[in-house]
Amino acid sequence: MDDIFGIPAPLLFGQLLLGLINGAFYAMLSLGLAVIFGLLNIVNMAHGAQFMMGAFAAWMLLAWGGIGYWWALILAPIIVGITGVIMEKLFISKLYKLDHLYGLLLTFGLALIIEGVFRNEFGSSGLPYRIPPELSGAWDLGFMFMPVYRGWVVIAALILCLATWLMIEKTRLGAYLRAATENAALVQAFGVNVPRMITLTYGFGVALAAVGGVLAAPIYSVNPQMGSNLIIVVFAVVVIGGMGSILGSVLTGFALGIVEGLTKVFWPEASATVIFVIMAIVLLARPAGLFGRA
Amino acid sequence: MSLTRRGLIAASVGTTLMPALPRLSRAQAANTIRVGVLNDQSGTYRDISGPYGIQCTHQAVQEFGNKGFNVEVVTADHQNKPDVGANIARQWYDQGVDLIIDVPTSSVGLAVNNVAKEKNKAYINTGSATSDLTGAQCTPVTIHWMYDTYMLAKSTGGAMVKAGGDSWFFITADYAFGHALERDTTNFVKAAGGKVLGSVKYPFPATTDFSSFLLQARSSRPKVIGLANAGADTINSIKQAAEFGIMKGGTKLAALLMFLPDVHALGLETAQGLVLTESFYWDLNDRTRAVTERLKPRLKDVKPNMASIANYSCTLHYLKAVADMGVAAAKASGVDAVNRMKAMPTDDDAFGPGRIREDGRKLCPSYLFEVKKPSESKAPWDYYKLLQTTPAEEAFRPLGEGGCSFVKA
């Protein structure tokens, strides 16, 4: 069998694929962050907690309501999205006129509170959530054993990212949204209810995180820390892609998933650090991020 | 309001400082023994001890009763960070805490070990695994109460090699504990004629996806993949190994450190058939069932595991020693208190009769368990089948081999 840089080729292909799968999660989460930041100018530190809430909502629907994975995929984001709407109405809407830092601190505090509540209620070692029977099993790709579920995650993430991008860039609603961020007063003058639109946008961004949570539930243990483990990396992804750039965050998400996957082969000890090294370099060379506007 | 750098620093320091312990009058302080439970209350190891370990400590104090001195229990969260743990330990010892117990996460356990030695205060580690606590880094004020990496390696590792698993690959958490567990298991595998094909060290605690490491492991075709990790990491590793069909190819997983709450979190469907080592199981015998029953009002519907109940066992023994030597003498010197504990035989419902060795190693039997199939489990938390018992005197590293500096050869 051929070796590439001393690593057997099948192993390397396997790692690339795994990187792509992890990248799908990064992309989905950074997409939500980018939507919220791009349109609301809020650095949503509660995104990881909302991702975790999505997974827990799926678990609760199954354990308490007997509602399975497919419905959870629709219901959990709606439920978590509604909590996001409430959060925006009660807290975040008060901060739009202030510096970014206040929104960051507020959402960070909320994230700690939410995680603390879940930890008190459910402990830290997590809850089991099974892969839906339709998606269990695996394909033998020759160079690796590919679980069907992971394939589904990549496809779902791609569809979601594409749909969101199209909605914001190509539809009338998206045009309103973008216009409202440029000049809220003018858009309001045209009869658009801007505050409600902003609230719903936050709810939508939160729902995106929740979808990610539901998709993650069968792979990772459903536990209160699952979001905080991811969120720091996801923030780095957003910064590298360019704050607020939707396409940028999606592409960077997938790309960094792959970079991280390769690091796990060549220098596993550094796999948690590599993304931050890239972030530092990008910030030095292009402070606005790879796809951001200065 | 604008944020200044100084303000941020003050705020961040403020969050790591402990609230000051309640002040006692001088007479009260002289007659009060303070036990500090320092553990993970918010992270990956919380469910192993955390709030449950604290409850078990309170239970010991309650059962010990009043023998002419007061006992106060204080608690803190070390967040699995060595610097946070060492700071709290230093502050506690300075404020009159006489004994610190629990302290999971080997890197934190070793950091607190140094503080205890420097302050001449008693330290009973029940939560960390590294066998260095009674080896290269042993101190005269330290007792290692429960399991350690040597004992786990001997019991689980030894049994797997005996069952034909003679080629290993390790997936190791990249910190003191993972390294010690891999090292000790490697020694057993090699001594039994097996070989180690390789290992991969992953960043702790920042890793949630283990599929990449599992595939690397499988590509060297070992018979056993040794998981030198713990808590949520072990749970995720096992879950993802099942997902990627690792076990279907005939490769076995050795969960070198796994606790009852981990099995609970995985569910029997995924965990069945796993082999693991603990030195306590609530359903082991009449005495363990009795203490579990007594703990029920405190732990509610959670069963104790070896780490949480070790706090009960060691607190009880310490208080017996204090009653024996007098409060003033126990407060004056950690070395003396620990020596007294070593001189007295241990006995309680959790671990039965035992003793503490010269190097600070508490001796207790280790039990090799297999996780039951869902069909075999009759009740919640009915998870283990006993496969094999290693007697207390054989379960741990022989006294002379640890390299502890004050043990006379």
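The values are calculated or read from the model by the stated rules, or taken from the named source; none is laboratory data. These figures come from a predicted structure and were not determined experimentally. A quick note on method: Cβ atoms are made from the backbone with ideal geometry, for glycine too, and the neighbour counts reach across all protein chains shown. All accessible areas refer to the heavy atoms of the entire protein, side chains included, with ligands and DNA or RNA removed. Shrake-Rupley method; radii C 1.70, N 1.55, O 1.52, S 1.80 Å.
Details
- Residues that are farther than 13 Å from B:PHE170 by Cβ and part of a strand (DSSP E or B), drawn from segment B:185-196: none
- For the residues A:GLN15, A:GLN50, the requirement of being more than 14 Å from chain B (Cβ to nearest Cβ) and in contact (Cβ under 8 Å) with a residue 24 or more places away in the chain singles out A:GLN50.
- The residues of segment B:139-165 that are under 18 Å from the mean Cα position of the chain (by Cα) and open to solvent by 10 Å² or more (accessible area, probe 1.4 Å), listed by number, are B:TYR150, B:LYS154.
- Check on B:VAL327, buried (at least 24 other Cβ atoms within 10 Å of the Cβ) and closer than 22 Å to B:ASN70 by Cα: no
- Yes/no for A:ALA207 being open to solvent by 10 Å² or more (accessible area, probe 1.4 Å), more than 12 Å from chain B (Cβ to nearest Cβ) and within 15 Å of the chain's Cα centre (by Cα): yes
- The criterion of at least 2 residues that are within 25 Å of B:PHE210 (Cα to Cα) and open to solvent by 40 Å² or more (accessible area, probe 1.4 Å) is met by the following helices (runs of 4 or more DSSP H) wholly inside segment A:141-193: A:148-170.
- Of the helices (runs of 4 or more DSSP H) lying entirely inside segment B:323-409, those containing at least 1 residues that are touching a helix residue (DSSP H, G or I) at 6+ places or on another chain (Cβ under 7 Å) and more than 23 Å from B:VAL97 (Cβ to Cβ) are B:392-395.
- Inter-residue pairs, beta-carbon under 6 Å, first outside the structural domain of B:ILE356 (by TED's automatic domain parsing) and in segment B:145-160, second open to solvent by 10 Å² or more (accessible area, probe 1.4 Å) and of a type in the set (Ser, Thr, Tyr), 6+ apart: B:SER155/B:THR390
- Test: residue in segment A:152-165 that is away from chain B (no Cβ under 14 Å), under 17 Å from the mean Cα position of the chain (by Cα) and within 18 Å of A:ALA49 (Cα to Cα): no
- Of the residues making up segment B:234-259, those that are within 10 Å of chain A (Cβ to nearest Cβ) and either at pLDDT below 90 or over 18 Å from B:GLY157 (Cβ atoms) (or both) are B:ILE235, B:ASN236, B:LYS239, B:GLN240, B:ALA242, B:GLU243, B:PHE244, B:GLY245, B:ILE246, B:LYS248, B:GLY249.
- Scanning segment A:265-294 for residues that are part of a helix (DSSP H, G or I), buried (at least 21 other Cβ atoms within 10 Å of the Cβ) and either at pLDDT 90 or above or out of contact with any strand residue (DSSP E or B) (no Cβ under 8 Å at 6 or more places or on another chain) (or both) yields a single hit, A:ILE275.
- Qualifying residue in segment A:101-123 (condition: within 14 Å of chain B (Cβ to nearest Cβ), over 18 Å from A:PRO224 (Cβ atoms), aromatic (Phe, Trp, Tyr) and part of a helix (DSSP H, G or I)): yes
- Residue satisfying all of: in segment B:358-409; among the acidic types (Asp, Glu) and open to solvent by 30 Å² or more (accessible area, probe 1.4 Å); farthest from B:HIS144 (Cα to Cα) among these: B:GLU376
- Residue count, segment B:80-121 (criterion: under 17 Å from the mean Cα position of the chain (by Cα) and not β-branched (Val, Ile, Thr)): 13
- Test: B:ASN339 is open to solvent by 10 Å² or more (accessible area, probe 1.4 Å) and out of contact with any Leu (no Cβ under 6 Å at 6 or more places or on another chain): yes
- Residue tally, condition more than 9 Å from chain A (Cβ to nearest Cβ) and open to solvent by less than 30 Å² (accessible area, probe 1.4 Å), over segment B:26-60: 15
- Condition check for B:GLY267: within 14 Å of chain A (Cβ to nearest Cβ) and on the phi > 0 side of the Ramachandran plot: yes
- Being more than 25 Å from the chain's Cα centre (by Cα) and open to solvent by 80 Å² or more (accessible area, probe 1.4 Å) is a property that holds for A:LYS97.
- Residues that are more than 14 Å from chain A (Cβ to nearest Cβ), within 28 Å of B:GLY127 (Cβ to Cβ) and either over 26 Å from the mean Cα position of the chain (by Cα) or of a type in the set (Phe, Trp, Tyr) (or both) within segment B:166-190 comprise B:TRP168, B:PHE177, B:PHE188, listed in sequence order.
- Condition check for B:VAL71: more than 14 Å from chain A (Cβ to nearest Cβ), more than 22 Å from B:VAL335 (Cβ to Cβ) and touching a residue at least 12 places away in the same chain (Cβ under 8 Å): no
- Residue within segment B:309-316 that is surrounded by fewer than 24 Cβ atoms within 10 Å (Cβ to Cβ), farther than 22 Å from A:SER125 by Cα and at pLDDT 95 or above present: yes
- Top-ranked residue of segment A:210-252 - restricted to ones that are among the small types (Gly, Ala, Ser), outside any helix (DSSP H, G or I) and open to solvent by 10 Å² or more (accessible area, probe 1.4 Å), ranked as farthest from the other protein chains (Cβ to nearest Cβ): A:SER245
- Of all residue pairs spaced 6 or more apart or on separate chains, those with beta-carbon atoms under 6 Å, a first member in segment B:45-61 that is over 21 Å from B:ASP348 (Cα atoms) and a second member that is outside any helix (DSSP H, G or I) and open to solvent by 20 Å² or more (accessible area, probe 1.4 Å) are B:GLY50/B:GLN41.
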